[in-house]
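I have placed the structure first, in the form of structure tokens, so that the comments after it can refer back to it.
The values are calculated or read from the model by the stated rules, or taken from the named source; none is laboratory data. The structure presented is a predicted model; accordingly, all values stated were derived computationally and were not measured. Here the Cβ positions follow ideal geometry from the backbone for every residue, glycine too, while neighbour counts run over all protein chains shown. The area values use the complete protein model at the heavy-atom level, side chains included, leaving out ligands, DNA and RNA. Shrake-Rupley method; radii C 1.70, N 1.55, O 1.52, S 1.80 Å.
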Amino acid sequence: MKKFLTFALMAMIALSASAAKKKAPEKKDQNKPVFTTIKANPITSIKDQNRSGTCWDYSTLSFFEAEILKATGKKYTLCEAFVANKTYMERAIQVVRYHGDCQFAQGGSSEDVLHTLKTWGICPIDAMPFPGSLYGDSLNNFNEFFSILEPYVAAVSKSSAKKISNQWKVGLQGILDAYLGKCPEKFVYEGKEYTPKSFMASLGINLDDYVSITSYTHHPFYTAFAVEVQDNWRFPLSYNLPMDEMMQVIDNAIENGYTVAWGGDVSEDGFTRKGLAYAIDSKATQSLAGSDMAKWLKLETAKKRDIIDSLGVTVPEIVPTQQMRQERFDNWELTDDHGMHIYGVAKDQNGKEYYMVQNSWGETGDYKGTWYMTKAFIAANTMDFLINKKAIPAAIRKKLGI
């Protein structure tokens, strides 16, 4: 009994000492957002574009996967390589026709995906080699690919020859197929044989239902124009709405179960790598950070984003205006540098609302591939977006005549 009591006492002392050594609980960061989902529409899995400039491809195919899911209840993973293969050939043809006086680049727009689906069809991801696998990588890596592709297109388009043959297309197709894989003419999916066109026709959506929306004052509202950015190389038309109505379209879409293929600017300081995006008021933010404007402007982008992350839900935001959007577009501040997929709305602990946005960088950031982007950020930084016209409020559709 004494021995038992001795052991028990020693155990209690040990446990007490162990408890004393435990660290005090970390102080909760009151500024870190705590999100409550208001509405999250069904989407397919997070994808990873890795080292490729194909956000336009990934985000828009994710959008169409969500459209198919809404229409049919079926989940598909569509093939980004198929779209890229077709798009880069067609873009190269345009560059050659212009004798090199336009851009050939990795980037693109939602229109490239829509055009490919309408013209060529689509295949599931398993019908082509897995991204990166042809050159020994586990995901896309376009470094070597485009270091070959860009000079090839430049050499043809800037040729001093009086006449060129069509053989350059054969050579270019060989490069595309070597790095992306050959687009199949036929394939089997769930026991049935398809062509890309017949597979597209089986997916249960009408490709004539999709329109592009933008908001600028250098063209009349309620008309359509081709947004003047280099990756909009097919010159598709976007319907021009006042900024407030542009935002109404997004909100109406989410509320009614639709999603949005968004294109815009994520180069701003307020877009962090942790999964947040704020339309920060730089003057107010630098003051809260304990520095004057001169010091703030000298800070590296990463340091600014660290400060913004530390401020969290207290970070001051601008109130976007139509005039501000136009000025930033005209002075090159508002650029078209990323495509993402808006699928829901959430609010933080202070009641501020954010869009839930699917990224294509894998399950990165604090929210595993979802970015929470404030409505102010989206209003300020939207270039244009693709949407099902049924998601547009009836009053706005009437103004647009669609």
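Quick one: ranking 341, 218, 99 by accessible area, 1.4 Å probe, largest first, what do you get?
The ranking, largest first, comes out as 99, 218, 341.
R0 = 22 Å: FRET efficiency of residue 144 with residue 234, Cβ-based, nearest 0.05?
0.25
Can you tell me the orientation of helix 80-97 relative to the chain, as the angle in degrees between its alpha-carbon axis and the longest Cα principal axis, to the nearest 10?
So the inclination is approximately 50 degrees.
What is the sum of charges around residue 42, taking Lys and Arg as +1, Asp and Glu as -1, for the other residues whose C-beta is under 14 Å from the C-beta of residue 42?
Every neighbour counted, the sum reads +2.
Residue 178 to residue 322: FRET efficiency via 1/(1 + (r/R0)^6), r the Cβ-Cβ distance, R0 51 Å, to the nearest 0.05?
For R0 = 51 Å, the calculated efficiency reads 0.60.
Does anyone have the angle between helix 110-119 and the longest principal axis of the chain? Alpha-carbon axes, 0 to 90°, nearest 10?
Approximately 50 degrees, to the nearest 10.
Applying the Karplus parametrisation 6.51 cos²θ - 1.76 cosθ + 1.60 with θ = phi - 60° to the phi angles of the stretch 211-228, what ³J(HN,Hα) value in whole Hz is obtained for each residue in order, glycine and proline being reported as x?
Once θ is set to phi - 60°, the couplings for the stretch 211-228 become 9, 10, 10, 9, 7, 8, 9, 7, 9, x, 5, 6, 10, 10, 8, 8, 4, 7 Hz.
Under a plain spin-label model, where a point goes 7 Å from the Cα along Cα-to-Cβ, how far apart in nm are residue 353 and residue 284?
Inter-label distance under the simple model: 1.9 nm.
Quick one: which residues, 5+ away or cross-chain, put their amide H under 5 Å from the amide H of residue 48? H built at 1.01 Å from N.
362
With just the Cα atoms defining each centre, how far is the stretch 336-354 from the stretch 298-335? Give it in Å.
Computed from Cα coordinates, the inter-centre distance equals 16 Å.
Looking at this model, which pairs from 283/368; 197/398; 304/368 are more than 25 angstrom apart at the alpha-carbon?
Distance filter (> 25 Å) returns 283/368; 197/398.
Under the rule of at least 5 residues apart or a separate chain, name every residue whose amide H is placed under 5 Å from the amide H of residue 106.
Those qualifying (amide H under 5 Å, at least 5 residues apart or on another chain) number zero.
How far apart, in nm, are the 7 Å Cα→Cβ label points at residue 163 and residue 267?
Label-label distance for residue 163 and residue 267, simple model: 4.4 nm.
Mind giving me the FRET efficiency for residue 154 and residue 133? R0 is 22 Å, r the Cβ-Cβ distance, nearest 0.05 is fine.
0.20
Contour minus end-to-end for residue 310 and residue 207, with contour as 0.36 nm per residue of separation and end-to-end as the Cα-Cα distance?
Full-extension gain reported as 32.7 nm.
Alpha carbon centre of the stretch 61-93 versus the stretch 201-233: separation in Å?
17 Å
Quick one: what are the phi-derived ³J(HN,Hα) couplings along the stretch 159-168, Karplus 6.51/-1.76/1.60 with θ = phi - 60°, whole Hz, x for glycine and proline?
4, 8, 5, 6, 8, 10, 8, 7, 5, 4
Would you mind checking the tilt of helix 55-72 against the longest principal axis of the Cα atoms of the chain, expressed as 0 to 90 degrees and rounded to 10?
Here the helix axis deviates by roughly 90 degrees.
Please work out whether the stretch 148-225 counts as rounded, prolate or oblate from its C-alpha gyration tensor, where a ≥ b ≥ c are the square roots of the eigenvalues and a/c under 1.5 means rounded, while otherwise a/b larger than b/c means prolate and anything else oblate?
Judged from the Cα gyration tensor, the stretch 148-225 comes out oblate (a/c at least 1.5, b/c at or above a/b).
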